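The structure appears right after this line, and notes come after that.
The values are calculated or read from the model by the stated rules, or taken from the named source; none is laboratory data. The structure displayed is predicted, hence computed values, not measured ones. Every residue, glycine as well, gets a Cβ built from its backbone with ideal geometry; the counts of neighbours run over all protein chains shown.
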Amino acid sequence: MNQIKEGAIFVADAHYPHHGEAFITLLRAIEQEEITPPQLFLMGDNFDLLFGYNRYIVGYNQEAIDLLQNISKRITCYYFEGNHDFCLKEIFPSMEVFSRAMQPVIFSLGNKRVGLSHGDRYATSWGYNLYSTLLRSPITLLLLRPFERLIIDHRLNKLSQKSICHHFEGFEKRVERILQYYQGVDMVIEGHFHQAKRHAHYISLPSLACQGEVGIVRESQILFEAMA
Ligand SMILES: [Mn+2]
C-alpha cells in the first residue's frame, strides 16, 4: 500500500487560472525548493479546465503545467483527476494519475487506512455519472474536435465568471451518504466541496481558490494551512 509521508501537501480545487494566484505561487515555491514536501497530492479541479490530447487547452494552462512537469521529476506527485481536469496521464507522464474510475485509492497514514478521492464519485445522480463517463471518452473528444475552440472558449468564459465558494447546506448528511461507500478505512480525504471541514472521519479539504489553504501532514494529522 502507498504511504502518506510526513510533510506531504494536499492541494485541492485551485481552479487555475480563474480564481487567484495561490496555485502558481505555491508551485513556484515548490519548484524553487522554498517548500520541500516529500509528496504532492493534487486532489483534482486544480485546473478550471484541462484534459489531455488537446493542444489548445494545454496552451491555456501552460505555466502551471510546466511547473508541475518539473516538480514531478523530483517529487512524488499523485494526481486524483477531478471533474474539471482529466485524461491527464499524457500531460503528466512522471506522475501517478488516478482517473475517476480508479478512485478511491487507499493509502496508509501511520497505522491508519485512508481512502482518497477527488470527491465527485459517490452520492451523485445517474445523469451526472453518464455525463462524466461520456466527457472522458476519447470518442467524445474526437467528435467534438471540429468545434473545440468554440466550445472551449465558451466554457472558459463561463468558468471564469462562476462563483465557486459557497457554504454547503446539508454537508453532514451528504458526507454520511458518501462514507457508506468507503468500507474498512479509518479516514477519508476528499476535495470537490471547497469546505475545509471535518465530519466524523471525513475530511473535506480546503479549496486553494476559496480558503487559500492546503492540507499538510504534521505528526500524522492533516492540518489546513496557508502556504504563501
Ligand atoms: Mn470537483
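What to note about this one:
- Search result, residues across the stretch 90-116 that are small (G, A, S) and in contact (Cβ under 8 Å) with a residue 24 or more places away in the chain: S94, S99, S108, G110, G115
- Residue check, I178 at pLDDT 95 or above, touching a strand residue (DSSP E or B) at 6+ places or on another chain (Cβ under 9 Å) and in a helix (DSSP H, G or I): yes
- Selection of the stretch 32-79 for residues being within 16 Å of the ligand (Cβ to nearest atom) and either free of Cβ contacts under 8 Å to residues at least 60 places away in the same chain or under 20 Å from R149 (Cα atoms) (or both) yields L42, F47, D48, L49, L50, F51, Y79.
- Where I139 falls short, out of the listed (1) out of contact with any helix residue (DSSP H, G or I) (no Cβ under 7 Å at 6 or more places or on another chain); (2) closer than 24 Å to E190 by Cβ; (3) loosely packed, with under 15 Cβ neighbours inside 10 Å: (2)
- Residue ID - farthest from the ligand (Cβ to nearest atom), chosen from residues in the stretch 97-112 that are in a strand (DSSP E or B) and surrounded by 15 or more Cβ atoms within 10 Å (Cβ to Cβ): L109
- Scope the stretch 116-125; condition more than 10 Å from the ligand (Cβ to nearest atom) and either in a loop (DSSP other than H, G, I, E, B) or over 20 Å from D85 (Cα atoms) (or both); matching residues: R121, Y122, A123, T124, S125
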